[in-house]
C-alpha cells in the first residue's frame, strides 16, 4: 500500500486545528487504498498548538510531529518536514484551511498517472485585499522577467510532491530559502490544477506586508543577479549623461562665457547621484549579506522532540 504524507507547518494555529484534523480524518477514511501520515511541524508556537497536536497523536497513530526548538519561519519549517516525511508522496498544506484538503485525491490521481509535482493554482484569492492582489501580480511579473526558470504564479506551497522531488529539495540546504522558486528549479514532470481559495476558517494570518516584502526580496535575490546588472546599467547611463552634461557646460562656458548652473541644480545633481549610489550599495549589500549567511554553514534548524507515529524521541 502506497503511503501519502500530509505535511502541515504550524505556528500559533490552535483555533483551526480541530477543523483541520476532522477534514484530514475524513480524507483518510474516504481513501482507504492509501496509508496516510499527518506530519505537523510546530514552528515554535506560543499558544496551545503543540499541546493539541500531542493530544491527537496519543489516540491516532497517523499523527506525527516535529517540534522545532524555536520559531525558524515557514520556509525552514517546510524543509524540516521534508527531512522527516516517510511517504511515497508528500502533500504540503497550510493549517488555516484556505487550501482545501478535499483536493488531495485529485492530486493523487495525477500522481498515479506519472506526474511528480501536482501544484494547485488559485482561481481566486478570497480574503485578501486588493492591494495584496495587485502587488502579488506585479511581483510575479517582475520575477518571471528577471529569472531563467518558469515560476508558477498564483500558486503557493499547496502541492503534491513525488518522493524524488522531496529528495531533490532535501539536497538544497540554503539558509535563506525561497521554496516556491525551488519547486520550479528542480524540474520534473509537473501538472497544474486550479481551485478557488477559501478565506481562513479561524485565527489570523501570520504574514504582514513587511514579511511579504522581505519574502519577495528573498525570491528575487535567490534566483537572479538581475538587480546587480540593473544597478550597473543605471550607473553606466548616469555616467554617460553626466559626461555629456559636463562637456556641454565646458563648451558653453568657453565659447559664450555663460555662468555654470547654480546651487539648486548642483544640489539636485548631487542628491540624484547619491541616491543612485546608495541604491546600488543596498543591492550589493543584499547579496553580500546572503553570502555571509551561507558561509557560516549553520544548521537550518534544531528539533526539540519529534513523534514518528509510534513513539516520542527527544533530540540530543
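Details
- Members of the range 1-43 found to be part of a loop (DSSP other than H, G, I, E, B) and in contact with a strand residue (DSSP E or B) (Cβ under 6 Å, 6 or more places away or on another chain), listed by number: 1, 34, 43
- Sole exception among (1) at pLDDT 85 or above; (2) crowded, with 21+ Cβ neighbours inside 10 Å for residue 96, by number: (1)
Per-residue answers, yes or no, for (1) modelled with pLDDT of 70 or more; (2) surrounded by 12 or more Cβ atoms within 10 Å (Cβ to Cβ); (3) assigned to a loop (DSSP other than H, G, I, E, B):
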{"residue": "175", "(1), (2), (3)": "yes, yes, yes"}
{"residue": "188", "(1), (2), (3)": "yes, yes, yes"}
{"residue": "191", "(1), (2), (3)": "yes, yes, no"}
{"residue": "200", "(1), (2), (3)": "no, yes, yes"}
{"residue": "218", "(1), (2), (3)": "no, yes, no"}
{"residue": "238", "(1), (2), (3)": "yes, yes, no"}
{"residue": "248", "(1), (2), (3)": "yes, no, no"}
{"residue": "253", "(1), (2), (3)": "no, yes, no"}
{"residue": "270", "(1), (2), (3)": "yes, no, no"}
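- The set of residues in the range 81-126 that are under 20 Å from the mean Cα position of the chain (by Cα) and part of a strand (DSSP E or B) comprises 90, 91, 92, 117, 118, 119, 120, 121, 122, 123, 124, 125.
- Check on residue 77, in a helix (DSSP H, G or I) and buried (at least 16 other Cβ atoms within 10 Å of the Cβ): yes
The values are calculated or read from the model by the stated rules, or taken from the named source; none is laboratory data. Model, not experiment: these values are computed from the prediction. Cβ: placed from backbone, ideal geometry, glycine included. Neighbour counts: every protein chain shown.
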